[in-house]
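Below: one structure, written as structure tokens.
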Amino acid sequence: MTSRPFVLATLEGYGVEGGYDRPGEPATCFSPTIALGRHPGPGEADGLWRNYERVLDVAATIGVDGVRIGLEWARIEPHQDEVDARALARYGEILRYGASLGLRVTGCVFGAAWPAWLGLEAWLLPWVAPRAVSHARRLVEAVGGDLDGLMLFADSDALVRGGYLEGSAPPWRHRARADAQSASEQIRAVSDELQRDAVVGPLVVARTSTFDVDEVTLDEARREDVDEVYLRALVKGKGPTAAPNGLVVRHDGQWGLAPSQVVRDVLG
């Protein structure tokens with residue numbers, strides 16, 4: 001436990017990287033409803049897959065201790081048993097660059113989007129749990145040396161609530177309380193196994209809090225009784241997982257601090 005928590009701004013890969021859920025791109029659980037026109041996909045988003053470094057340059061100047069980066073399973077394994085070694089290598093480059101700027105770098109294994117080949121009901125299917133555990137181990141073996149910490153699920157409660165109770169996220173169900181309980185139990189079992197795992201466990205950050213950037217200031221975040229506090233988000237992103245606000249924005253091709261009262265209040 002540190003004397004105060006680290007405060008990290010989040011970068012949710014699916015919403016900021018670009019290059020998902022269009023023909024020829026990695027497909028996620030959002031792809032069916034995007035194809036049906038029920039909501040827009042991320043499209044090119046903010047193009048960070050090629051330009052993470054420019055945003056990390058700004059992150060190093062705004063007062064946060066680091067960043068939490070979503071390491072997207074759909075990009076790493078776009079088809080079952082077909083791992084994209086170039087994607088893993090690229091994530092390694094991004095993590096090392098963040099560390100070179102003096103930022104604390106935490107990775108997130110499971111976000112709001114998962115590979116389409118797992119199916120919409122992924123967190124109910126018994127065969128998905130061992131696949132998830134194997135994926136996390138593979139990820140840590142590939143890039144764990146470049147991480148200061150690891151978060152397993154970005155928001156497991158929201159994953160279940162949105163998917164099975166509110167119908168606001170895949171698999172788009174309403175008031176399916178029994179399945180919500182089953183999904184929660186499977187997610188908890190995956191988390192418990194990975195926290196005990198000799199490869200993954202030592203990196204897992206167990207005590208965390210997450211806030212949207214308009215809910216807390218840096219000073220308030222540093223008084224939280226946890227190990228890491230996540231501010232959602234460094235970049236707002238696009239598509240179904242976009243954050244309400246971002247701390248930095250792109251203007252005329254250049255990244256800089258968002259010119260808003262919200263950002264000024266957060267950063268003090």
Against the rule of thumb 2.2 N^0.38 Å, how large the Cα Rg of segment 6-267 comes out: 0.95
Lys, Arg +1 and Asp, Glu -1 on Cβ, resulting dipole of segment 6-267 about Cα centre, debye, nearest 20: 340 debye
For segment 56-98, size of Cβ-based charge dipole, Lys and Arg +1, Asp and Glu -1, in debye: 160 debye
Within-12-Å neighbourhood charge of ALA176 [Cβ basis; K, R +1; D, E -1]: +1
VAL199 versus HIS251: modelled label distance in nm, points set 7 Å from Cα along the beta carbon direction: 4.6 nm
FRET efficiency for ASP225 and SER260, using Cβ-Cβ distance with R0 set to 35 Å, rounded to 0.05: 0.75
Principal-axis tilt of helix 48-59 within the chain, Cα atoms, nearest 10 degrees: 40 degrees
Span from the segment 158-222 Cα centroid across to the segment 80-140 one, whole angstrom: 15 Å
Beta bridge orientation in segment 6-267: antiparallel %, DSSP, nearest 5: 25 percent
Kirkwood Rh in Å, taken over segment 96-137 so that all alpha-carbon pairs contribute: 12.4 Å
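Take every Cα pair under 8 Å in segment 6-267 that's 6+ residues apart, average their separations, divide by the length, and report that relative contact order as a whole percent.
24 percent
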Prolate/oblate/rounded call for segment 122-240, Cα gyration tensor, a/c under 1.5 rounded: oblate
R0 of 41 Å, Cβ-Cβ distance THR61-ARG188: FRET efficiency to nearest 0.05: 0.60
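None of the figures in this text is laboratory data; all of them are computed from the coordinates on show. A quick note: this is a predicted structure, and the numbers were derived from the prediction, not measured. Glycine gets a Cβ as well: all are built from the backbone with ideal geometry, and neighbour counts include every protein chain shown.
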